[in-house]
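Scroll down for the structure; my scribbles are underneath it.
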């Protein structure tokens, strides 16, 4: 029998209101064009950024120094096991091609891995999230390369028979599944055998701007893509591996012809939380540079407090260990902490929400989690393991005032039994975290 222990994270008897901090421009980055940011996840105090300069921060992005000059279109990937080893790809202009570089000393010296000419795809460097020894790159159309030894040797692997690659995404929960997006016309391809074969997926619009992909960290069949321009611009979501797509524009309907969606990112620890970085033009200053969704792209809201009124967010990166986000813009790097401040209230204010201890605890088959609401609320009740990874969403709907309970049978998102251990559950409603 599986023997599990579950403990409650927070149980409140008062009323609190959670308020996120605002974005702040990082020291040393003002006026610098930023195209990509990557975090060294073994020690996320170390962060690199690239654009028209190559920058490093060793204090969680508070202060940055320039290491070298770099190309506007460059993208980077920090080796997961060596903070000084970085892969970089950028367009070679005006020759029309891509160059892939590597550094072993944090960006001071660079060696060329590939330099090929021809009509370039957008620069691509991706670490396989399920196999951190593996790196994918793209050089020119129809040429994917993969390395399994920190870039010392590279193997040519099959790629879709298309040109104009804009995004390559590897499913974090299944390394055999890859998606590739191409622009002009719009094509999306999928591989289920780690890039040995590719099949074209149906997509509702053939034209309309750069496509960017993001795959759900827990479910490889849930995939998002963005279309930046044209009448069909917006965010598209598929829940069946790309066979069908639904436009998810609630809250971003007012994006105009100058407001291009530049990036889409999923929070690795909370797969229903997504972020959009856009070009917010001076002609439409009602639209922010950043949007957030907390319900799997069903609705979007502004996430731009502290950001300029208009500009462009080119890239977003989430540091889950330090609860921090980075936004790379055309005028610098912005940071935001996820730590929540608590406003003090008179404790005579009625209880809004109460989360109770599960019973039985420990348990070996199932346990009941009870909570109460003093008003109707949209509620999320989620189980996490001790590393912070989401195990299962138990409640995700509007609940009426009163007492409620739900059973957890000790299974994960895929309905597989979880191992014995300590688990946490967290309750959120539309007022914040409890």
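Obtain the nm distance between the two label points defined at residue 193 and residue 111 by a simple spin-label model: each point lies 7 Å from its Cα along the Cα-to-C-beta direction. The modelled label-to-label distance comes out at 3.4 nm.
Among 392, 416, 269, a tally of other beta-carbon atoms within 10 Å of each Cβ gives an order, fewest to most, of 416, 269, 392. Take the alpha carbon gyration tensor of the stretch 88-233, find the square roots of its eigenvalues, order them as a ≥ b ≥ c, and report rounded if a/c is under 1.5; if not, report prolate when a/b exceeds b/c, else oblate. Oblate, since a/c reaches 1.5 and b/c is not below a/b.
Can you tell me the mean projection area, over all orientations, of the convex hull of the stretch 18-167's alpha carbons? Units nm², please.
10.3 nm²
With contacts taken as Cα pairs under 8 Å and at least 6 residues apart, the chain reaches a relative contact order of 16 percent. Run through the DSSP bridge list for the chain and note the antiparallel percent, rounded to the nearest 5. Of those bridges, close to 95 percent are antiparallel. In the stretch 118-204, the C-alpha radius of gyration followed by the widest Cα-Cα span (Dmax) gives 12.3, 40 angstrom.
Computed from the coordinates by the stated procedures, all read-outs in this text should not be read as laboratory data. Quick caveat, the model's predicted, so the values are computed rather than measured. Counting neighbours? That spans all protein chains shown, and the Cβs are built from the backbone with ideal geometry, glycine included.
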